[in-house]
Amino acid sequence: MAADITPSPTRKHRRTARATGSASRSLWSKLALLIGAFAFLFPFYYMVIGSLQKEPDSSPSGAFPDPGNLSLHNYTAINSAISLGRSLVNSGIFTGGVIVCTTVFGLLAGYALARLQFRGRGTTFALVLLVQVIPFQLLMIPLYVLIVRDYGLADSYLGMILPFAINTTAVFIFRQFFLQLPPAMFEAARMDGAGELQILFRIALPLCKPALLSVVLLSFTGPWNEFLWPFLVTKRQDMQPLAVSLANYISTVASAAANPFGAILAGACVLAAPAVALYIVFQRRFTSTDIDSATKG
């Protein structure tokens, strides 16, 4: 007689209970993630809403304002006070210069520490890591004396860019990426008579797009939001980046404005917009890599 393979009621109950418990845990996990996402995004939402309000409303209901109270007046007010266009240009030049210098020097140093054999390579890399633990504020006074008094680079783009021209984090990222590349590629190129710069720019560089994008994004965020160093080396308003111009507006002009908080939030939206847009556009490129295609065939 064939055995009865029909699951017993007890087994059915256990399976149903496990499925119900799994669905319940999944639901609670999604709910927790949703709450966390809302808590994270709410300050950005409130910043945008506050920048559009003609009349400030600090009550909880201000988070959901009347559409009739929304306009672009605050953006006009902050633009007339600090010249948003000029401040954005200053921020762009400062940030662009830092990105170019950080990428070029980080690429060269990272390749040398990863693929060149020379005495003291390990010590040099240890010193690169040591620089990361030294706070920038500790170096600010000697840097200010060196750049402003000795070099005379106050109120200049070069004076703002030089302290950030070399980023040890970028060196570390490029070094780690180049270490992951197959050594056979570099040896084959050397056997074909290619120099180190040819190997770097023709073979290694096309493969390190994820590392390159990571360095660009990390290099962008710091100088774009930097306040303290540009504040020290720039006294002319037409040379100040947007972060410094907003701080000066808060300390000097905001007290006499009709809606100072709305204007400040409008300036903060303008300051945050490029960084947010950059991360949204390049978010999926972080995990992309072309290493596999280079090692096949």
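The values are calculated or read from the model by the stated rules, or taken from the named source; none is laboratory data. None of these values were measured; they are calculated from a predicted model. Note that we place each Cβ from the backbone using ideal geometry, even for glycine, and neighbour counts take in every protein chain shown. We work out accessible area using only protein heavy atoms, side chains counted, and drop any ligands, DNA or RNA first. Shrake-Rupley method; radii C 1.70, N 1.55, O 1.52, S 1.80 Å.
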Are any residues in region 152-173 more than 20 Å from THR102 (Cβ to Cβ) and out of contact with any Ser or Thr (no Cβ under 8 Å at 6 or more places or on another chain), and if so, which ones?
-> GLY152
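Kindly evaluate GLY96 against the criterion of being open to solvent by less than 70 Å² (accessible area, probe 1.4 Å), free of Cβ contacts under 8 Å to residues at least 60 places away in the same chain and closer than 19 Å to THR234 by Cβ.
So GLY96 passes the test.
Let's see how each residue does on (1) more than 22 Å from the chain's Cα centre (by Cα); (2) part of a loop (DSSP other than H, G, I, E, B); (3) β-branched (Val, Ile, Thr):
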site	(1), (2), (3)
SER87	no, no, no
ASN90	no, no, no
ILE99	no, no, yes
GLY106	no, no, no
LEU113	yes, no, no
THR123	yes, no, yes
LEU153	yes, yes, no
LEU158	no, no, no
Which residues, taken from region 159-178, are β-branched (Val, Ile, Thr), open to solvent by less than 30 Å² (accessible area, probe 1.4 Å) and in contact with a Cys (Cβ under 8 Å, 6 or more places away or on another chain)?
-> ILE161
So is GLY262 at pLDDT below 85, on the phi > 0 side of the Ramachandran plot and either assigned to a helix (DSSP H, G or I) or over 21 Å from the mean Cα position of the chain (by Cα) (or both) or not?
-> no
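So that you can scan it fast, the table gives a plain yes or no per residue for (1) over 15 Å from VAL104 (Cβ atoms); (2) buried (at least 20 other Cβ atoms within 10 Å of the Cβ); (3) in contact with a strand residue (DSSP E or B) (Cβ under 9 Å, 6 or more places away or on another chain):
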residue: GLU187; (1), (2), (3): yes, no, no
residue: ASP192; (1), (2), (3): yes, no, no
residue: LEU200; (1), (2), (3): no, yes, no
residue: PRO210; (1), (2), (3): yes, no, no
residue: LEU217; (1), (2), (3): yes, no, no
residue: TRP229; (1), (2), (3): yes, yes, no
For the subset of region 6-60 comprising residues that are open to solvent by 100 Å² or more (accessible area, probe 1.4 Å) and not in a helix (DSSP H, G or I), which member is modelled with the highest pLDDT?
-> GLU55
Using the structure shown, decide if ILE141 is among the β-branched types (Val, Ile, Thr), open to solvent by less than 60 Å² (accessible area, probe 1.4 Å) and assigned to a helix (DSSP H, G or I).
-> no
Kindly indicate whether LEU130 is assigned to a helix (DSSP H, G or I) and open to solvent by 60 Å² or more (accessible area, probe 1.4 Å).
-> yes
